[in-house]
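One structure is given here, and the rest of the page talks about it.
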Amino acid sequence: MTSAKSTPHVLIIGGYGEFGGRLAQLLQRDGMSVVIAGRDFNKAQQFCSANGGTPLKLDITTDLSLIDTLEVDVVVDAAGPFQSYGNDKQRYYLARRALECGAHYLDLSDDGNFSSGIACLNTLAKQKQRFALSGASSTPALSGAVVMALQKNLCSIEKIETSILPGSRAPQGQSVMSAILDQVGNPVPFWRDGAWEQHIGWSTPVPKRINNTLCRNANLINAADAVLFPEHFNARSVIFRAGLAMPIMHLSLQWLGTLRSFGLLPNLTKFISPLRWFANRLVPFGSDNGGMLVEVIGECKSASILIDGQLQEPKANKSATEETLCEDSYLASSTWCLSAEPGQGPFVPTIAIRAILRNIHLVPTGARACIGELPLSNYVQAMDDLGIDTHGHTKAFNYLFADVLGEQWHALPESLRNTHSVIDKKTLKGYAKITRGTSWVTKLIAVMFRFPASADKVSVEVTKTRSADSEVWVRNFNGQTFKSTLSSVAERPLPSTQQCIREQFGLLKFLLGLHVDRNALHFPVVSGSCLGIPIPTAILPTSNTREFEKDGTMHFCVELLAPFKLGLIVRYEGWLT
């Protein structure tokens with residue numbers, strides 16, 4: 001463990017910036033002395049005149065010998081952008097110099113590769129008996145502490161999903177916007193189902209809700225969590241999302257990303273000036289409420305809840321079902337939420353450093369990414385004097401088909417249950433025989449739905465991706481692909497022996513009446529609509545679709561017939577594992 005003065009003397013590089021300035025305010029509120037440093041001495045003076053602290057002109061790209069004369073206990077880099085710090089020698093120049101001067105080092109890096117790479121200074125840090133922690137911010141420090149708290153009651157982690165929902169007045173500095181725009185519309189890596197794969201940045205919107213007051217779409221974007229958490233927590237999937245407060249800004253970025261992904265626009269960083277201008281003009285019209293959401297799904301040891309940052313056992317009023325869950329492990333979904341009042345959100349990225357400096361004696365020496373340095377309760381305590389609320393809860397997690405089928409789920413053979421056991425993503429492979437209709441009408445329908453062409457035997461791959469309470473199925477028949485989205489429905493217009501699931505193909509939605517008969521799962525079409533307009537029953541297709549087990553393997557037979565006895569649209573049958 002490290003030792004230092006009870007009130008550390010702190011040098012903040014970029015101390016008059018958006019986050020550095022807020023950190024300086026909090027540290028001085030805790031009685032610490034701070035030096036506000038940056039390239040613009042006038043800005044440093046102006047900040048100190050208004051908020052306190054000692055101004056200093058310091059350019060981290062030049063000689064840093066000045067740090068020797070300051071006799072500070074901690075050096076904080078709140079400037080960045082960390083993505084553009086150059087090669088290893090340049091990237092960790094400030095961190096190395098801080099350690100050599102006998103000071104601890106912290107930064108607000110949001111770049112996972114930068115944060116993990118700081119381990120190159122581990123030997124030096126231990127020799128100096130100091131720590132160098134990178135990423136002491138909302139992610140990965142705070143989000144990592146949340147996952148660690150939730151992990152205590154889990155045997156394994158299947159999925160970690162972090163979402164950041166900033167308020168409209170959140171800082172929109174050059175480096176922050178540049179880091180985001182560099183990903184929008186470009187392929188970025190994510191760890192999904194135990195492997196790295198590429199997704200388009202700022203795509204795949206999913207609705208996120210905090211406290212029933214903050215609800216907005218959040219899109220895929222890469223961040224430190226996505227890089228560091230797969231190995232650190234041995235998670236099977238790790239996802240990071242962000243959602244802007246103004247829908248028009250969020251959608252505009254999504255549309256621009258789509259154009260970029262098709263090669264119709266250059267890298268969006270080229271448009272940073274007009275986009276910043278556009279964003280600043282819209283600030284007054286958006287909500288300044290912000291939040292953060294961390295969701296962890298895994299195998300749970302017992303039923304539990306999260307209260308004030310700590311996992312606790314539920315009170316005694318548990319139902320018989322809950323008592324059973326305590327005896328046997330089960331899949332659980334644990335959620336931790338942070339909601340910030342207007343003007344309080346920008347303090348959140350600085351909370352980790354405040355908590356660490358309050359508990360500096362508890363932090364081990366060495367250089368590493370800032371994950372798991374303190375219990376979650378220490379970070380929560382560091383928000384006590386801010387307009388920030390946190391809470392969490394744990395509940396049982398259900399697969400989509402298990403939730404829809406209810407008790408019938410247990411009547412399915414194991415191979416069928418396995419194919420529908422989707423937590424984040426599941427890829428199934430096998431072979432199929434395909435037969436297409438021969439009339440011009442059925443051929444046209446098949447083309448519209450992108451159904452595969454006739455073949456005696458083709459390889460087939462089906463990828464099922466869980467998205468909120470839905471699953472997106474992508475079928476790939478030897479390069480010919482089509483997809484649909486399946487989701488549960490509230491209405492139950494069928495007999496109790498059948499349950500409903502909705503399948504959507506573009507503008508068309510069909511209600512399927514799921515039921516299990518003789519260990520096989522059947523998918524008859526009950527009703528349909530287009531753009532919300534009901535499709536007359538007389539022109540609905542007939543679905544003779546079933547899944548069944550044969551020789552321990554899941555087999556399928558999908559047969560779609562056109563109305564008015566026009567014959568077969570498509571039939572594909574085969575097996576998947």
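The values are calculated or read from the model by the stated rules, or taken from the named source; none is laboratory data. All values derive from a computational prediction rather than experimental measurement. Please note: Cβ atoms are built from the backbone with ideal geometry, for glycine as well, and neighbour counts cover all protein chains shown.
I239 passes every criterion in (1) at pLDDT below 95; (2) buried (at least 21 other Cβ atoms within 10 Å of the Cβ) apart from (1). Based on this model, can you work out whether S168 counts as surrounded by 18 or more Cβ atoms within 10 Å (Cβ to Cβ), farther than 25 Å from I371 by Cα and polar (S, T, N, Q)? In short, yes. Go through the residues of the range 412-434 one by one and say whether even a single one is surrounded by fewer than 17 Cβ atoms within 10 Å (Cβ to Cβ), in a strand (DSSP E or B), hydroxyl-bearing (S, T, Y) and under 21 Å from the mean Cα position of the chain (by Cα). The answer is yes, given that some residue of the range 412-434 is surrounded by fewer than 17 Cβ atoms within 10 Å (Cβ to Cβ), in a strand (DSSP E or B), hydroxyl-bearing (S, T, Y) and under 21 Å from the mean Cα position of the chain (by Cα). Note on the range 143-183: residues that are of a type in the set (A, V, I, L, M, F, W, C) and either in a strand (DSSP E or B) or not assigned by TED's automatic domain parsing to the domain that holds W196 (or both) total 6. Residues that are closer than 22 Å to I164 by Cβ, touching a Lys or Arg at 6+ places or on another chain (Cβ under 8 Å) and at pLDDT 90 or above within the range 246-284 comprise P247, H250, L268, listed in sequence order. Go through the residues of the range 461-469 one by one and say whether even a single one is in contact with a helix residue (DSSP H, G or I) (Cβ under 8 Å, 6 or more places away or on another chain), farther than 30 Å from I239 by Cα and of a type in the set (D, E). No, that holds for no residue. Residues of the range 243-253 include at least one that is small (G, A, S), within 13 Å of the chain's Cα centre (by Cα) and closer than 27 Å to A141 by Cβ.
Each row is one residue, and each column tells you yes or no for (1) more than 18 Å from Q198 (Cβ to Cβ); (2) among the polar types (S, T, N, Q).
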| residue | (1), (2) |
| --- | --- |
| N234 | yes, yes |
| F240 | no, no |
| M246 | yes, no |
| T258 | no, yes |
| F262 | no, no |
| L265 | yes, no |
| L268 | no, no |
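Just to be sure, is E299 among the acidic types (D, E), at negative phi, surrounded by fewer than 20 Cβ atoms within 10 Å (Cβ to Cβ) and out of contact with any Cys (no Cβ under 6 Å at 6 or more places or on another chain)? It is false that E299 is among the acidic types (D, E), at negative phi, surrounded by fewer than 20 Cβ atoms within 10 Å (Cβ to Cβ) and out of contact with any Cys (no Cβ under 6 Å at 6 or more places or on another chain). Among the residues of the range 115-123, at least one is in contact (Cβ under 8 Å) with a residue 40 or more places away in the chain, more than 21 Å from the chain's Cα centre (by Cα) and surrounded by 22 or more Cβ atoms within 10 Å (Cβ to Cβ).
Within the range 502-522, the residues that satisfy the criterion of being over 27 Å from G532 (Cβ atoms), in a strand (DSSP E or B) and either in contact (Cβ under 8 Å) with a residue 40 or more places away in the chain or not assigned by TED's automatic domain parsing to the domain that holds R450 (or both) are V516, L521.
Looking only at strands (runs of 3 or more DSSP E) that lie completely in the range 1-112, which have at least 3 residues being of a type outside the set (F, W, Y) and within 29 Å of P166 (Cα to Cα)?
Of the strands (runs of 3 or more DSSP E) lying wholly inside the range 1-112, those with at least 3 residues that are of a type outside the set (F, W, Y) and within 29 Å of P166 (Cα to Cα) span 9-13, 33-38, 74-77.
Looking across the range 444-460 at every residue that is in contact (Cβ under 8 Å) with a residue 40 or more places away in the chain and either assigned to a loop (DSSP other than H, G, I, E, B) or of a type in the set (D, E) (or both), the one that is surrounded by the most Cβ atoms within 10 Å (Cβ to Cβ) is identified as F451.
Screening A218 on (1) among the small types (G, A, S); (2) in a loop (DSSP other than H, G, I, E, B); (3) out of contact with any helix residue (DSSP H, G or I) (no Cβ under 7 Å at 6 or more places or on another chain); (4) crowded, with 21+ Cβ neighbours inside 10 Å shows it passes everything except condition (2). Filtering the range 203-215 to residues that are in contact with a Pro (Cβ under 9 Å, 6 or more places away or on another chain) and in a loop (DSSP other than H, G, I, E, B) leaves nothing. Candidates in the range 27-70 are the residues that are modelled with pLDDT of 95 or more, under 27 Å from R91 (Cα atoms) and aliphatic (A, V, I, L, M); of these, the one that is surrounded by the fewest Cβ atoms within 10 Å (Cβ to Cβ) is L56. Taking each residue of the range 251-275 that is under 12 Å from V184 (Cα atoms) and looking for partners that are surrounded by 15 or more Cβ atoms within 10 Å (Cβ to Cβ) and among the β-branched types (V, I, T) with beta-carbon atoms closer than 6 Å, six or more apart or interchain, yields L253/V184; G257/V184; S261/I200; L268/V184.
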